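Sharing a structure below in structure tokens format, with a few things to ask.
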Amino acid sequence: MSYTIEYERWLSKTDPATQSELKEAATHPGEVENRFGTMLAFGTAGLRGIMAAGLNRMNVYTVRQATQGLANVIAAAGQEAKDRGVAIAYDCRNHSREFALETARVLAAAGIRSFVFDELRPTPELSFAIRELNCIAGVNVTASHNPKEYNGYKVYWEDGAQLGPEKAEEVQQQIRENDIFNDVHVMDFAAAQAQGLIRSIGAEIDEKFMAKVLEQAACPEAVAAVADTFKIIYTPFHGAGYRLVPEVLRRAGFKNILAVAEQTQPDGNFPTVKSPNPEEKEGFSIAIAMAKKEGIDLIIGTDPDADRVGVVVRDGAGEYVSLTGNQVGVLLVDYIISAKKEKGTLPSNGAVVSTIVSTAMTDAICKQNQVALFRVLTGFKFIGEKIKEFEASGAHTFLLGFEESYGYLAGTYARDKDAVVGSMLIAEMAAWYKNKGITLFEALGTLYKKYGYYAERTVSVKMEGFNATEHMADLMKHMRSETLEEIGGVKVTAERDYLKGTRQVVGEKKPEPTGLPESDVLYYELADGNTVIVRPSGTEPKVKLYLLVKGKDAKDAESLLDQYEQAMRELMK
């Protein structure tokens, strides 16, 4: 169906406000094609897009259509699946609650029960709730750290992890086959409540969730020893961590927790930051100004759905600097291993799980401490799959999972990254080091001296236009057609193509398997031991470069990162 025909259908079948918006959009060249030239893609990360009217936007109609696809998949699994129901959560973004309630109405029309949180909650609590309530699935309305114009629709399955590729394709197929108006059914909300198809959940789940988080403490006595003097500033960036993160910190024993008042009130417009992203130091400006006045030990910030956490600490010169997701990850790995060793609680079969695009420093730490390390594809659902494997086999005890994009999980109560437990463990770790007379920044320096100066950089190459997905596919196809012999003057010794599932060593006749599922990722191993990875984003129109290096010192590592970035940008023109 042409985009103009679909546009006319929307004009005749949508509500007056949507019709008015669409008529105004038609006055801008190319806008109708942009909104209707393609459908908003549904993948393992669900839906994500700008909130506006149109097939290629996040709105009530596309949310209902996605939910109908999910409902059809659940209904096909039988009555038991429908009775088990779906847990639904949402963040602080504009329209998030509205989209969540529309999700429940569509599920109710299909005879599927839903458990809707009474207000915004952290993403990991949804994962926990799915498992705690024995739901067949879960939906979280959030766009994580994206700008305020965006929203998203994440779908989880019964294990509490986001959908895997096969299940996501089932839902996507149902979405494609269902007409957005004629095949989508909605039930009156009050009637669904009266029939027990929509139920509210809240405080009881909070208590059970926080209890599980607190169980993950590696050395709680370290907190007690410095609680009177140790100070923390916390900001939720207007998001879902505003209640549970400080409450968990208090229950963990911290006494001096200062909130950034301007950023504590949930607000989908994120008025105090350019972007609600804990990766970006700009968002911490207010917190840093407070810290300078108060003599603060640690600043913690969580993103709008409280699944990722950023950290700011004082460096050797007394200036406040932000740590990268990789730096916090290796600090946590080393801390959990070291603290448990000190207490004699480190399991002999302990294991860490990280992703193929995260720092190689983790390998060195785990090897030194005789702890198993498993590498998985990008996406916390793959870390969740490893936890499931460990539980089934008993071969390993899960210690920590982390990815470079500021996501961490300790414990097996959830299957998604958790900024609540991440915040608690980061604060506990800082307290542990304070007992030893050093700061987190100094602890990181100690790791570099011990294991070598590892450094990482993620570079995003943005794609413009409504057909950005096609541009990304074309770029990856072009990269695969080129056999790279060197990058930045350094020879490529092996190439992994995760889409083919092969690792081809230069000079060898036959490739070997990667041992991981199919994924659109190219991974170049270089003669100097460093790595360059190319991967299209699963949630945004951009291709990402991951540069992983080890230098002689900080200056050398930075030079290597510059060298490889420049070379790759030239190759991708």
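Given a 1.4 angstrom probe, what's the average accessible area per residue across the range 233-391, in square angstrom?
On the way: 5580 Å² over 159 residues.
Here the residues of the range 233-391 average 35 Å² of exposed surface.
Round to a whole number: what % of the accessible area of the chain belongs to carbon and sulfur, probe 1.4 Å?
Working: 11030 of 22980 Å².
So the carbon and sulfur contribution to the accessible surface is 48 percent.
Over the range 462-534, with the other protein chains present, what is the accessible area per residue in square angstrom, probe 1.4 angstrom? Don't skip to the end; give the middle numbers.
Numbers: 4300 Å² over 73 residues.
About 59 Å² of surface per residue is accessible.
Here is a further query. Based on the alpha-carbon gyration tensor of the range 409-456, what equivalent-ellipsoid semi-axes (square roots of 5 times the eigenvalues) come out, in whole Å, largest first?
Three semi-axes, in Å: 24, 16, 8.
Expressed as a fraction of 2.2 N^0.38 Å, the rule-of-thumb size for a compact globular protein of N residues, what is the C-alpha radius of gyration of the range 4-100?
Normalised by 2.2 N^0.38 Å, the Cα Rg of the range 4-100 equals 1.23.
Report relative contact order for the chain in percent, whole number only (criteria: Cα-Cα under 8 Å, sequence separation at least 6).
Relative contact order, the chain: 12 percent.
With a ≥ b ≥ c taken as the square roots of the eigenvalues of the C-alpha gyration tensor of the range 484-523, please select rounded if a/c is under 1.5 and otherwise prolate if a/b is larger than b/c or oblate if it is not?
Oblate.
Starting from the Kirkwood Rh over alpha-carbon pairs, what translational D in µm² s⁻¹ does the range 1-56 have by Stokes-Einstein at 25 °C and 0.890 mPa s? Could the numbers behind the result be given before it?
Numbers: Rh = 11.7 Å.
Approximately 209 µm²/s, per Stokes-Einstein.
Give the cross-link partners of Lys500 among the lysines, using a straight C-alpha distance below 23 Å as the criterion and excluding same-chain residues fewer than 8 apart.
Output for Lys500: Lys167, Lys381, Lys386, Lys477, Lys491, Lys509, Lys510, Lys542, Lys544.
Moving on. With point charges of +1 on the Cβ of Lys and Arg and -1 on the Cβ of Asp and Glu, referenced to the Cα centre of the chain, which listed residue (Val311, Tyr448, Tyr433) lies farthest in the positive direction of the dipole?
Towards the positive end, the residue furthest out is Tyr433.
A further question follows. Given a 1.4 Å probe, how much area per residue of the range 67-181 is accessible, in Å²?
30 Å²
I'd like to know how the range 341-486 sits against the 2.2 N^0.38 Å rule of thumb: what's its Cα Rg over that expected value?
Details: Rg = 18.7 Å, N = 146, 2.2 N^0.38 = 14.6 Å.
Cα-based Rg divided by the globular estimate yields 1.28.
Relative contact order of the range 92-170, please, whole-number percent, based on alpha carbon pairs below 8 angstrom and at least 6 residues apart.
Relative contact order for the range 92-170 comes out at 26 percent.
Also, I was wondering about something else. Which lysines, if any, have their Cα less than 21 Å from the Cα of Lys340, not counting same-chain residues under 8 positions apart?
Qualifying lysines at Cα under 21 Å: Lys212, Lys367, Lys434, Lys436, Lys450.
Plugging the Kirkwood radius over Cα pairs into Stokes-Einstein for the range 34-189, at a temperature of 20 °C and a viscosity of 1.002 mPa s, what D comes out in µm²/s?
143 µm²/s
From the C-alpha gyration tensor of the chain, pull out the three semi-axes of the equivalent ellipsoid (sqrt of 5λ each), sorted largest to smallest, in whole Å.
After scaling each eigenvalue by five and taking roots: 37, 30, 23 Å.
Please say if the range 222-272 is rounded, prolate or oblate, where rounded means a/c under 1.5 for a ≥ b ≥ c the square roots of the C-alpha gyration tensor eigenvalues, and otherwise the choice is prolate for a/b larger than b/c and oblate otherwise? Display every interim value, and only then the final one.
On the way: a/c = 4.44, a/b = 2.37, b/c = 1.88.
Prolate, because a/c is 1.5 or more and a/b exceeds b/c.
Can you give the relative contact order of the range 94-244 as a percent, counting alpha carbon pairs under 8 Å and 6+ residues apart? Let's see the in-between values first.
Numbers: 140 pairs, mean separation 45.4, N = 151.
Relative contact order, the range 94-244: 30 percent.
Here is a follow-up. Would you list, by chain and number, the aspartates and glutamates whose Cα falls below 20 Å from the Cα of Lys13, excluding same-chain residues fewer than 8 positions away?
Partners found: Glu21, Glu24, Glu31, Glu33, Glu98, Glu102, Glu177, Asp179, Asp183, Asp188.
How big, on average over all directions, is the shadow cast by the Cα convex hull of the range 458-566, in nm²?
Averaged projected area of the range 458-566's Cα convex hull equals 7.5 nm².
The values are calculated or read from the model by the stated rules, or taken from the named source; none is laboratory data. All values derive from a computational prediction rather than experimental measurement. Please note: Cβ atoms are built from the backbone with ideal geometry, for glycine as well, and neighbour counts cover all protein chains shown. Each accessible area value is taken on the protein alone, full model and side chains, heavy atoms only, with ligands, DNA and RNA left out. Shrake-Rupley method; radii C 1.70, N 1.55, O 1.52, S 1.80 Å.
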